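Engineer: Just dropping this structure here.
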Amino acid sequence: MPNIVHQTLGDRSSWLAARRALGVGASELAAAMGKSPFQSRLGLYESKIREEETEKEEPTFLRMGRRFEAAIADETAYKLGLEVEDPGDYSIWSRGLRFATPDRLVLSNGRPSGVLEIKSTEFFHKHLWDEGPPFHVRAQAQQQMYCTGLTQQPAIIAACWSMQRVDTYEEPYSEEFASLADAYVDSFWLYVSSRTPPAVDPEAPEQDARAIKALWPKNTGETIALSEAAAEAHTELAALKGWIKTAQKRETYLKNIVRAEMGENTFGEFADGGYYTHKAIVYAEKMKLQKARVTRTLLYHPPKETKK
């Protein structure tokens, strides 16, 4: 079993460089396993071989989430009767090719005994947590326990919903998951060390498209021979284009049936409680139009939704 190494970096640039070089971070583990809703394996690969971190303006939701972190940690500590400690912005625990930067450490008698993972999210995402934290959040907590060695008590996951309520969940440490994660990370890191991109993922086309754009932003002017796999993809693409055109035409026709029947009415109901809305939306100020443009949008609402 690899030794645990704890280091505190002096600044953000050093911290970002360490994140690229040390291996796979806790928040990246699901991506390395091909199970992240946010990043594909190819996207993670691109972030690891990048020569330097591109400084971009941090999205507002991430910036606000970090600022609210302290308040959520305080509320969680109050709710559960815990003592927690902020390990600092640039603290990293690494173990083999895996590393973690816990949001907070849980203390017992003044000494770290567990980890606290904080998530700030919105109520409209609550359904994703109906059966507990999603896989990528659980994987993150598992890696934090593994890298810090704080495995004797379950990690605490605190989810704050629209800054109105904090729910807490326990994630017991799993040796079986740790072994599985090691295998995935070792396999993924072979791509990084050999500078060989992993194959594109049929389950993550949008994430892969972003990664490809970042990996190869320029062209060389050279010509290469495409493989049989590319030829098969081309054949299917050609067939799809025809199918999409036919499907779009059919979609417009079917919508027109509903639109024509609704006429000027705003709502159209079915016997099962489902309904359509056909509301007028005015585009003017946002699009800087001299004359307001009005369009009616047809939307279907399942039976459980209340009319709006």
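Engineer: Using the per-residue mean of other Cβ atoms lying within 10 Å as a proxy for protection, in what order, highest first, do the peptides 261-272, 156-167, 214-225, 186-197 fall? Before the final figure, lay out each step's value.
Structural biologist: Values: 261-272: 10.8, 156-167: 17.4, 214-225: 7.8, 186-197: 14.4.
Per-residue Cβ counts within 10 Å, averaged per peptide and sorted highest first, yield 156-167, 186-197, 261-272, 214-225.
Engineer: Work out the P(r) tail for the chain: percent of alpha carbon pairs separated by more than 38 Å, whole number. Don't skip to the answer; put the middle values down first.
Structural biologist: Details: 16362 of 47278 pairs.
Of all Cα-Cα pairs in the chain, 35 percent lie more than 38 Å apart.
Engineer: Just rank His127, His136, fewest to most, by other beta-carbon atoms within 10 angstrom.
Structural biologist: Details: His127 8, His136 19.
So the ranking, lowest neighbour count to highest, is His127, His136.
Engineer: Once phi is turned into ³J(HN,Hα) by the Karplus curve 6.51 cos²θ - 1.76 cosθ + 1.60 with θ = phi - 60°, what whole-Hz value does each residue of region 208-222 show in order, with x for glycine and proline?
Structural biologist: Calculated HN-Hα couplings, in order: 5, 4, 5, 5, 5, 4, 6, 5, 10, x, 10, 10, 9, x, 7 Hz.
Engineer: For the chain, find the longest principal axis of its Cα atoms and tell me its angle to the long axis of helix 228-262, 0 to 90°, nearest 10.
Structural biologist: Long axis of 228-262 versus the principal axis of the chain: about 50 degrees.
Engineer: Report, in whole Å, the centroid distance computed from the Cα atoms of region 177-226 and region 1-26.
Structural biologist: 22
Engineer: Something else now. Distance in nm between label sites at Tyr90 and Lys249, each 7 Å beyond Cα in the beta-carbon direction?
Structural biologist: 6.2
Engineer: Give the value in nm², to one decimal: projected area of the alpha carbon convex hull of region 1-143, averaged over all directions. Walk me through the numbers before you get to the answer.
Structural biologist: Values: hull surface 39.8 nm².
It is 10.0 nm².
Engineer: Hey, another quick one. Please report, largest first and rounded to whole Å, the three semi-axes of the ellipsoid equivalent to region 115-199, where each semi-axis is the square root of five times an eigenvalue of the C-alpha gyration tensor. Walk me through the numbers on the way to the answer.
Structural biologist: Details: eigenvalues 157, 61, 21 Å².
So the equivalent ellipsoid measures 28, 17, 10 Å along its semi-axes.
Throughout, read-outs are computed from the coordinates displayed, never taken from laboratory work. All values derive from a computational prediction rather than experimental measurement. Positions of Cβ are backbone-derived with ideal geometry, glycine not excepted, and every protein chain shown enters the neighbour counts.
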